[in-house]
Every structure is written in structure tokens, then in C-alpha cells.
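Only the coordinates and a few stated rules stand behind these numbers; no lab work does. Computed from a prediction, not measured in an experiment: that's the story for all the values here. All Cβ positions, glycine included, derive from the backbone under ideal geometry; neighbour counts span all protein chains shown.
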Protein chains: 2
Amino acid sequence: MNAYYSQDAHGPFRLIDIGRLELAEGGVLENCPLAVATHGQLNAARDNAILVTTWYSGTSKIMEQVFIGPGRALDPTRYFIVVVNQIGSGLSVSPHNAPGALAGPNFPKVRIGDDVRAQHRLLTEHFGIQRLALVTGGSMGAQQTYEWAVRYPEMVARAAPIAGTACNTEHDFLFTELLMEAITTDPGFRDGHYASSEGVAAGLKRHAKLWTLMGWSTEFFRCGRHHALGFDSMQAFVDGFMTGYFAPMDPNNLLCMAWKWQRGDVSLHAGHDKAAALGRIRAKTYVMPITTDMFFPPSDCQAEQQLIPNSELRPISSLDGHLTLFGTDANAITQIDACLNELLATSA
Amino acid sequence: MNAYYSQDAHGPFRLIDIGRLELAEGGVLENCPLAVATHGQLNAARDNAILVTTWYSGTSKIMEQVFIGPGRALDPTRYFIVVVNQIGSGLSVSPHNAPGALAGPNFPKVRIGDDVRAQHRLLTEHFGIQRLALVTGGSMGAQQTYEWAVRYPEMVARAAPIAGTACNTEHDFLFTELLMEAITTDPGFRDGHYASSEGVAAGLKRHAKLWTLMGWSTEFFRCGRHHALGFDSMQAFVDGFMTGYFAPMDPNNLLCMAWKWQRGDVSLHAGHDKAAALGRIRAKTYVMPITTDMFFPPSDCQAEQQLIPNSELRPISSLDGHLTLFGTDANAITQIDACLNELLATSA
């Protein structure tokens, strides 16, 4: 097993098996253990629950570290905050920890909708929650947030998709394809039958370089933000920060998430009619792109926001591009907190 | 030999050998044939010469097709326009056509400054030109334009670097590194000892995908500009347009140019002092970034423009990103023409 995905590194989380999950693409997970981290208490009215979803390569740990805490918008003294690690994340059921016939490259294809159906069962059946005060998440977490708001409109009072889209773009699909190819073209990948992540180190490094290219912004590097983070050159930043971050992860896990990411698309609920699908949303929605995001740019997010009935565009200003989500820009995190606070204060 | 680099495909051009060229990195080209296309006539005062430089993968042909013509800013009825294909372009001396010991992967490392020194010798010794009314070029052509203006300040009356920088950024260096790795990680590349470009087709296709990711813009695809160009999907655009464009090119030629591109940096003329180097420029300079350029963004270009004494920032507005240079957006080409006309009308 891969020690990266341990309680020591990413806990505390609980594994809650929501049972048999039939997948949109035809596969079946006979058991579907979800790694769940909770903060705070569900109140008697059961109306203070917040669902937090996770992004590509992210886990409940970074959500806890960057976004959750007393005095924050996601305040465990006020809300019951449920962070659900996505399928393929390495904490919930994933290629690297799946049993027998489903292990590694044989893991079935999973869609954003499968995650959201699994989370729905978890919240309703395990926690007895019928309405969510808020669903929020960044990047692939935003994809899940949109999927929630369209699939279960009566259950979502408020939605805050951050740095992500409801219907993935062709441009973003291509970026993800390049991420996947960086891994799969490494001879050490061996069609997913590698012995360990170290065997795919070269592919994971190219994958990390692609993230460096697109994940931050040109302004980030021009202004020396990587220096401010403690690296004296691009090379040191790629090696020490970005490659260091991705190197221990399981390649098949990353590919499972990337395939899912490419196909995030709520328009599937309305025969590919994006306007009809987004028109179903009943949640008060703050669409929160990051100003310098190179692959979920504000213009793409705004085009979707204009199709959501009770929504506002709330751009988060930062030089740190998409990976502002990592919490590297304290001012941007303050802006996100302020938006979420304002959203949570609206009646719904 | 590779038929792509023929007179049929890219002519007419003349090969003019400027003789022995010692290179900044220590190599030597005993002969340095430059592929030169000229338009119009040098006048008696020898003061109507314009130098046009070429970009990565581009040749004199696209400059002729997109930027030069009667009634255009680059008007052969008024100016003597000299288009010099860069070293490594495949038309001038390049890995794929170099003799014997310098062929293919053994071709020496070439710098932007080497090109500019070679062009200087061509213009002064072959054409008897002592002063240029204008130097202009896009992308790597902009790098050469800046190098000219800093290296030979008294010789350049006007300069118009389009969609490029004087000192390459760390972010852009990384993009180019990924372009190079897309080629070199193809097992068919064989350290440069491939039999033909077809043997490196997979690497050239990934290289084309990276260009698709960064070369246009997210807005380009959101607005369906690829559809307007005749392709009904991203896949068709990648296969039919982008891969079709790069597939016949010689991988070692592309790597020669990419290595040079990464290291374009006029600050080397002033001990890495960018302000001092750009402060030497005497040309009236229009810095012309493209608004949606993802790797030579306006902000990077503006930061340099502010260091150039007699300069103006003239952004070209287009959705087509860096590859606006291909001439896909007629309105943008009209803007470029207008800027160049205005610049040429200034006294110098």
C-alpha cells in the first residue's frame, strides 16, 4: 500500500461504506467506502450541514487546513461540516486500494455524478440530512458542487463552486488529456501495472511541470511569488514544490480522477442543454472563479453563471492562478471567506 | 531530405552563405547559408530597408502570406523588405540540412544573438545596408527584434516586437521545456537519430497538443473559433490543424529553435541588468503583445516596454491568442498593419 494515503498524512477521517454503487459508465463498486472528515455537530433541526467536496489530488486534509476553523466561514462551532473525499482520491475507494478484480488499471470509470450519488446516500442514509445549508468545493469540487445543485435542487440551499465549471470545456479537456499522457507515456507506467509510484517518477514529474505551467499564472512567476514561497528558481520550485507534491501519489488514482474531471458536465441532465440544466438550480449560488486561473478562467465561469437563476459572479482576485486553492495567498483566502460568509447569511 | 523545407513549399527564397560563424556557445558553423526572401527594391539612399524575422516553426512564406503586400504596412512598392529565416528553421542552416559532423543531434547550440549577428553580416556585407527603417517579427521574431535594437542601437530606426519578450520568462522557459520533452520522450526520437519525422509522430502530436493548449486561448475555444476555422471538434482541430501543421517538421530543427527560444535574453548585454540593456535602445519602439497570449502575456511585455526609452505599448486585441500571428483573425492583422503604418510614419 501507499503510505501517502494514510491517517497519519491525511487524517483524521472515517471510512464509511455506503454499499453497492452502480456507476454511470456501467461498472459496479460492490462496496463503496468513502473517507469522510466531519467538523462540528449537526443541530437538532438538522439544518446546519455543509458539504465540502475535494479536488484533483486534494483530500479532506487541505480543506481542513485552509478553509475550516472557528471564526472562519466554514465554522465548526456553527455548522456540521462534512468533507467527503472523492472516489479515486486515494482515501475513499480508489484504484490503488480497490480489491482484487477492480484494482489498479482495472478500476471502473467513475463520473462526477457517481460521486454525488454516493455522497447523497451518505448524507441522507448515514447522517439523516435532508437539506444542505451549503455545498462548496474548488476545481473538481466545484464540478461536484454544480452536479449537486442540478441533480438535487431541492436539497441544496446554497452553492459556492470555486475555480471550476459546470460543463467542462474543450480546452480544459485537452489540458487534462496532456496531464494523463504525461503519466501514461512513461515506459515505467506499464499500462498501469507499475510496482510503485517511484517507477513512474519521470511521468509524474512531467505531470508536475504541466501543473506548474497552467496551475499558477504567468504573473505569479513574473512577480516572484515562487521566491516568496521559498524557492530561488523555477527549477527549485518544480523539483521541490510541485514534483515533491505529486511524486508520492498513485498514478492510477490520478488517472481515475483526471478521466472524471474531463467529463464533468451537468448538461447531461437535460439532453446536453446547458441552459436548461443550469436553469434547474434552486440554490442561491455564488460563482467564484479566480481572476488569473488559466484553465477555469473567469470568462468561462461567467458564461455559466449567467444561466443560473439566483446567482452572482464573485471573482476572487489573486496572482496565484488556479492553485490559489492551496492557500498560498492569504488575501485570496480572506476573500473566499468573506464571500462564503455573505452567502451563508442570505436567507434560503 | 525533408520535402517540407523545399522551395515548392516555402519559396521563393535565396540561400546566401554569410560565411564562417562562431557561435556564442562555442560551436562554429564553417558555412552559414541563410534562406532569404526579399520584396521590393532598395532605394538609392538605402534607407527604405525593413528586416522581418521569423518565429518558431515559421518561415518567410507565412510572413509573405500574412504580413507583406502592396497597400499593407510592409509594402514592397515602398520598402525593401528582407525576410531572413532563422538558423534551425529548416530553410537556413539547420540540423536536418547541416553537413556531416554537424548534422542532426550534433548541430551546435545557437543563440538569438548568433542569428542577429548573422543577419547583420548579411545586411551590411551582402546588401550594403547601414540603417534599417524597421525591424519587426513575432514571437521568436520579436526576440530577434529586441536583440537587434539592443545590440545595434544605431542601426535600427524603428522596432516592432510582436507577441514576444526581450528577456524570456521562467514561465515561458518551462513551456518550451515541455514542448521539447514532448518530442524527446518519444521512444522513436532515439536521441535525435530517428530515420524520419514519421518515426517521432507520437511526440510531434503531443507537441502539437501543447501548442493547442497554450497557443490559442480559452476564449478562442469557448467562442468556437476552431469551428469557424472549419473543425467540428477539438479532436478534429488537434488532428487536422495542429498535428497536421507540425507533423512534417524535423524534430531536431524544432529542438534547435526551442533551445534558442528559451534563452532569448537581451540583459546578457548588460550583466543581466534588464533595465540597462533595454535602456540602450534608440529605435522608436512599438511593443505589440496580443491581449489573450498565454505565454507572452501583455503584462510581461508591458513590464519590458516601461524600460524602453522611446516606446509605446500597442496591444493587439484578439481572441486567437499567440497564434493570432497565423493570420486567422483578419481584424487583428488590420490592427497590426495600422500600428506598423503609424510607426513607419514617425520620424526617426
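Observations on the model:
- Test: residue in segment A:228-242 that is under 24 Å from A:Ser94 (Cβ atoms) and of a type in the set (Val, Ile, Thr): no
- Members of segment B:273-301 found to be part of a loop (DSSP other than H, G, I, E, B) and within 14 Å of chain A (Cβ to nearest Cβ), listed by number: B:Pro289, B:Thr291, B:Thr292, B:Asp293, B:Met294, B:Phe295, B:Phe296, B:Pro297
One line per residue, one yes/no per condition, for (1) in contact with a Ser or Thr (Cβ under 6 Å, 6 or more places away or on another chain); (2) closer than 22 Å to B:Ala270 by Cα:
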site: B:Val156; (1), (2): no, yes
site: B:Pro161; (1), (2): yes, yes
site: B:Thr165; (1), (2): no, yes
site: B:Phe173; (1), (2): no, yes
site: B:Leu179; (1), (2): no, no
site: B:His193; (1), (2): no, no
site: B:Ala202; (1), (2): no, no
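- Residue ID - nearest to the other protein chains (Cβ to nearest Cβ), chosen from residues in segment B:124-150 that are surrounded by fewer than 21 Cβ atoms within 10 Å (Cβ to Cβ) and touching a Lys or Arg at 6+ places or on another chain (Cβ under 9 Å): B:Ala133
- All told, A:Phe231 falls short of being out of contact with any Leu (no Cβ under 9 Å at 6 or more places or on another chain), within 30 Å of A:Ala275 (Cβ to Cβ), among the aromatic types (Phe, Trp, Tyr) and within 12 Å of chain B (Cβ to nearest Cβ).
- Scan of segment A:88-106 for residues that are more than 17 Å from A:Tyr56 (Cα to Cα) and of a type in the set (A, V, I, L, M, F, W, C), ordered by number: A:Ala98, A:Ala101, A:Leu102, A:Ala103
- Counted as qualifying within segment A:164-234 are the helices (runs of 4 or more DSSP H) with 2 or more residues that are touching a residue at least 60 places away in the same chain (Cβ under 8 Å) and out of contact with any strand residue (DSSP E or B) (no Cβ under 7 Å at 6 or more places or on another chain), namely A:170-184, A:201-215, A:218-222.
- In this structure, A:Thr176 does not satisfy being more than 9 Å from chain B (Cβ to nearest Cβ) and closer than 20 Å to B:Asp186 by Cβ.
- Being in a helix (DSSP H, G or I) and away from chain B (no Cβ under 14 Å) is a property that holds for A:Ala258.
- Residue match in segment B:303-312 (condition: part of a strand (DSSP E or B), among the small types (Gly, Ala, Ser) and surrounded by 16 or more Cβ atoms within 10 Å (Cβ to Cβ)): yes
- A count restricted to segment A:1-46 and to residues that are in a loop (DSSP other than H, G, I, E, B) and under 21 Å from A:Leu132 (Cα atoms) stands at 9.
- Residue that is in a strand (DSSP E or B), within 19 Å of the chain's Cα centre (by Cα) and β-branched (Val, Ile, Thr), where the choices are B:Val116, B:Val135, B:Val150, B:Val110: B:Val135
- B:Asp293 falls short of the stated requirement of being within 26 Å of B:Phe189 (Cβ to Cβ), buried (at least 21 other Cβ atoms within 10 Å of the Cβ) and touching a residue at least 12 places away in the same chain (Cβ under 8 Å).
- Identity of the residue in segment A:196-207, more than 11 Å from chain B (Cβ to nearest Cβ) and surrounded by fewer than 22 Cβ atoms within 10 Å (Cβ to Cβ), that ends up farthest from A:Phe237 (Cα to Cα): A:Ser196
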